[in-house]
Amino acid sequence: MKLYLATGNKNKKREIQEILPDYEVRIPLDDGIEFDPVEDGKTFYENAIIKAKALYELVHCPVIADDSGICVDALDGAPGIYSARYAGPSYMQGKTDGSRISQDEQNRLLIAQLNDAVKLDSKPVRPYLHGERSCHYTCAMVLYCGQDRIFMAEETFEGQLIDSIEKAAGSNGFGYDPIVFLPEYGKTIAQISPEEKNAISHRGKAVKIIKKILENI
């Protein structure tokens, strides 16, 4: 069965294809389809729906779309839905001209912003799951099979933001993975294997729920 994935991110395609080996996962780029919908939702779910519906109207096949991002607890969940556009504390929702900075620079700026927030916060450490540096990825995933056949799963992946860019480690994964530490593994997300990540990640858990739905429709 063919499934379209509403993204231009080949890393997302690889991760989802690994979890859905019995399906042919394709992204718009594979078929030369121009796809760049305006993601103006206020939540991960709203953005996932925007992408899923936009691609379905082009391919008329089942579409999976996800919206995901990193949420730092001490920064009130920022950068959240703006993770891909984040450009530091002065541009939390992205630069006004639409330009983007490198992932390495995003990583450096996010660590520095949390370090500053922790220093300025004189209150006792709030009861976050992993202390004052607690963070999590969120993934809202939609399976869109038509206007009245929409299924959704949302999952998280918990960790800690490291306190120095010099501690960034690992070559697996992508995005902010080298700066998110997993206390139970003693490694960053980018240091664990793809198989380990798929078993515990926000996207991996969401895809498995969608997989069960696919098997029953």
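The values are calculated or read from the model by the stated rules, or taken from the named source; none is laboratory data. Remember, it's a predicted structure, so these values are computed and weren't measured experimentally. Note that we place each Cβ from the backbone using ideal geometry, even for glycine, and neighbour counts take in every protein chain shown. With ligands, DNA and RNA removed, areas are computed over all heavy atoms of the protein, side chains included. Shrake-Rupley method; radii C 1.70, N 1.55, O 1.52, S 1.80 Å.
About its Cα centre, how strong a charge dipole does region 55-121 have in debye, to the nearest 20, once Lys and Arg get +1 and Asp and Glu get -1 at the Cβ?
Charge dipole, region 55-121, about its Cα centre: 200 debye, nearest 20.
As a test of understanding, state the convex hull volume per residue of region 99-217 from its alpha carbons, in Å³.
154
If one computes P(r) from the Cα atoms of the chain, what percent of pairs lie at distances over 33 Å?
16
Per-residue accessible area for residue 133 at 1.4 Å probe radius, Å² rounded to 10?
Ignoring ligands and nucleic acids, residue 133 comes out at about 40 Å².
Take every Cα pair under 8 Å in the chain that's 6+ residues apart, average their separations, divide by the length, and report that relative contact order as a whole percent.
Across the chain, relative contact order equals 18 percent.
For the chain, modelled as a Gaussian network with Cα springs under 10 Å, which listed residue fluctuates most, 100, 108, 26?
100
In debye, nearest 20: dipole of the chain around its Cα centre with unit charges on the Cβ of K, R (+) and D, E (-)?
Value, rounded to 20: 140 debye.
Which order do you get for 38, 118, 72 if you rank them by accessible area with a 1.4 Å probe, largest at the top?
Ranked from most to least accessible, the order is 38, 118, 72.
Order 5, 29, 120, most accessible first, counting only protein heavy atoms with a 1.4 angstrom probe.
From most accessible down to least: 120, 29, 5.
What is the Cα radius of gyration of region 53-115 over 2.2 N^0.38 Å, N being its residue count?
For region 53-115, the normalised Cα radius of gyration comes out at 1.39.
Over what distance in Å are the Cα centres of region 1-55 and region 78-117 separated?
Region 1-55 and region 78-117 have Cα centres spaced 23 Å from each other.
To the nearest 20 Debye, how big is the dipole of region 142-217 about its Cα centre, given +1 on the beta carbon of each Lys and Arg and -1 on that of each Asp and Glu?
Computed about the Cα centre, the dipole is about 260 debye.
For region 148-217, how big is Rg over Rh, using alpha carbon atoms and the Kirkwood form of Rh?
That ratio is 1.10, to two decimals.
At a probe size of 1.4 Å, how large is the accessible area of residue 59, to the nearest 10 Å²?
Rounded to the nearest 10, that gives 20 Å².
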